[in-house]
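Asker: A single structure is presented below for examination.
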Amino acid sequence: MEGHPQIVLITGPMFSEKTAELIRKCKRHQVAGVRVKIFKPEIDTRVFDKASTEVRVESRCGAHEDAIMIKRPIEILSYADSIDVAGIDEAQLWGDEYADELFEVVWSLFKRSKTVYITALDTDYNAKPFKIALILMPIPEVKILKLTAVCFDCRRRDATRSFRIIKSDQRIVVGDSNAYIALCYDCFVRRTA
């Protein structure tokens, strides 16, 4: 696909439907006959549709699409010649140690005229930024789509923070509503005070 490649970072807290937006954007290209593949870290074993045995990305709203599970971001480049659009879901799950590698993969695809959609939490449960977000956000060629959820506590304001409700010393804990809730700034401050 020659033309105008783009990099779009779809970010926000847990429950902001980042994956649904990734699926929607990739589906637009598929409808037009564009070659699309979606990738996800192998650590993300969450399944919302318990009847499914396929590897796929899934949204809480029911949207899903086939995906390729990979151990490291560099593996995406082995698909570069067979795709025009790459979707990368839950990029923060590779951790900060793979953020530079992931950026090199994204930038390499962009230089090869590939469009890249990437979802990632912008901050962790302590409101500390993930390195991949810090790397991508200042790049002029990266379009940023910042999503919000609805605050689980006050149920009125936009939630901009992910808050962990289980105990763990690990920065990355794969989970869903069993482990996290989304909070607005005021409710986050109240819970962390």
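The values are calculated or read from the model by the stated rules, or taken from the named source; none is laboratory data. Quick caveat, the model's predicted, so the values are computed rather than measured. Here the Cβ is made from the backbone with ideal geometry for all residues, glycine too, and neighbour counts use every protein chain on show.
Asker: Looking at I118, I166, can you tell me which residue is among the aliphatic types (A, V, I, L, M) and assigned to a loop (DSSP other than H, G, I, E, B)?
Answerer: Working: I118 fails: assigned to a loop (DSSP other than H, G, I, E, B).
Of the residues listed, the single one that is among the aliphatic types (A, V, I, L, M) and assigned to a loop (DSSP other than H, G, I, E, B) is I166.
Asker: So, of the residues in the range 76-99 that are closer than 21 Å to V174 by Cα, touching a residue at least 12 places away in the same chain (Cβ under 8 Å) and charged (D, E, K, R), which turns out to be surrounded by the most Cβ atoms within 10 Å (Cβ to Cβ)? Outline the logic, then answer.
Answerer: Taking the range 76-99 and keeping what is closer than 21 Å to V174 by Cα, we get 87-99.
Subset that is touching a residue at least 12 places away in the same chain (Cβ under 8 Å): 87-96, 98-99.
Subset that is charged (D, E, K, R): 89-90, 96.
Working: D89: 26, E90: 21, D96: 17.
Among them, the one singled out is D89.
Asker: Just name the residue that is modelled with the lowest pLDDT out of those in the range 1-40 that are on the phi > 0 side of the Ramachandran plot and surrounded by fewer than 14 Cβ atoms within 10 Å (Cβ to Cβ).
Answerer: G3
Asker: Quick check: anything in the range 145-152 of a type in the set (K, R), under 15 Å from E90 (Cα atoms), surrounded by 15 or more Cβ atoms within 10 Å (Cβ to Cβ) and within 18 Å of the chain's Cα centre (by Cα)?
Answerer: Just the residues of the range 145-152 that are of a type in the set (K, R), to begin with: 146.
In the following step, the residues that additionally are under 15 Å from E90 (Cα atoms) were identified as 146.
Among the residues that remain, those that are also surrounded by 15 or more Cβ atoms within 10 Å (Cβ to Cβ) are: none.
So far as the range 145-152 goes, no, none of its residues is of a type in the set (K, R), under 15 Å from E90 (Cα atoms), surrounded by 15 or more Cβ atoms within 10 Å (Cβ to Cβ) and within 18 Å of the chain's Cα centre (by Cα).
Asker: Could you please give the count of residues in the range 104-149 that are more than 27 Å from R35 (Cα to Cα) and in contact with a strand residue (DSSP E or B) (Cβ under 8 Å, 6 or more places away or on another chain)?
Answerer: 9
Asker: Out of (1) more than 30 Å from R190 (Cβ to Cβ); (2) at pLDDT below 95; (3) within 15 Å of the chain's Cα centre (by Cα), what's the single condition that is false for G95?
Answerer: Every listed condition holds for G95 apart from (1).
Asker: Further question on the same structure: Hey, among the residues in the range 41-75 that are in contact with a Phe, Trp or Tyr (Cβ under 8 Å, 6 or more places away or on another chain), at pLDDT 80 or above and under 20 Å from H29 (Cα atoms), which one's surrounded by the most Cβ atoms within 10 Å (Cβ to Cβ)?
Answerer: Applying the filter and picking the extreme gives A67.
Asker: Where the second residue is in a loop (DSSP other than H, G, I, E, B) and among the polar types (S, T, N, Q) and the first is loosely packed, with under 15 Cβ neighbours inside 10 Å and lies in the range 153-168, which pairs have Cβ atoms under 8 Å and are six or more apart or on separate chains?
Answerer: Close Cβ pairs satisfying both conditions: I166/N178.
Asker: Just to check your reading of the model, which residue among R171, R161, R191 is more than 30 Å from A86 (Cα to Cα) and either touching a strand residue (DSSP E or B) at 6+ places or on another chain (Cβ under 7 Å) or of a type outside the set (D, E) (or both)?
Answerer: Working: R171 fails: more than 30 Å from A86 (Cα to Cα); R161 fails: more than 30 Å from A86 (Cα to Cα).
Every option except R191 fails the conditions.
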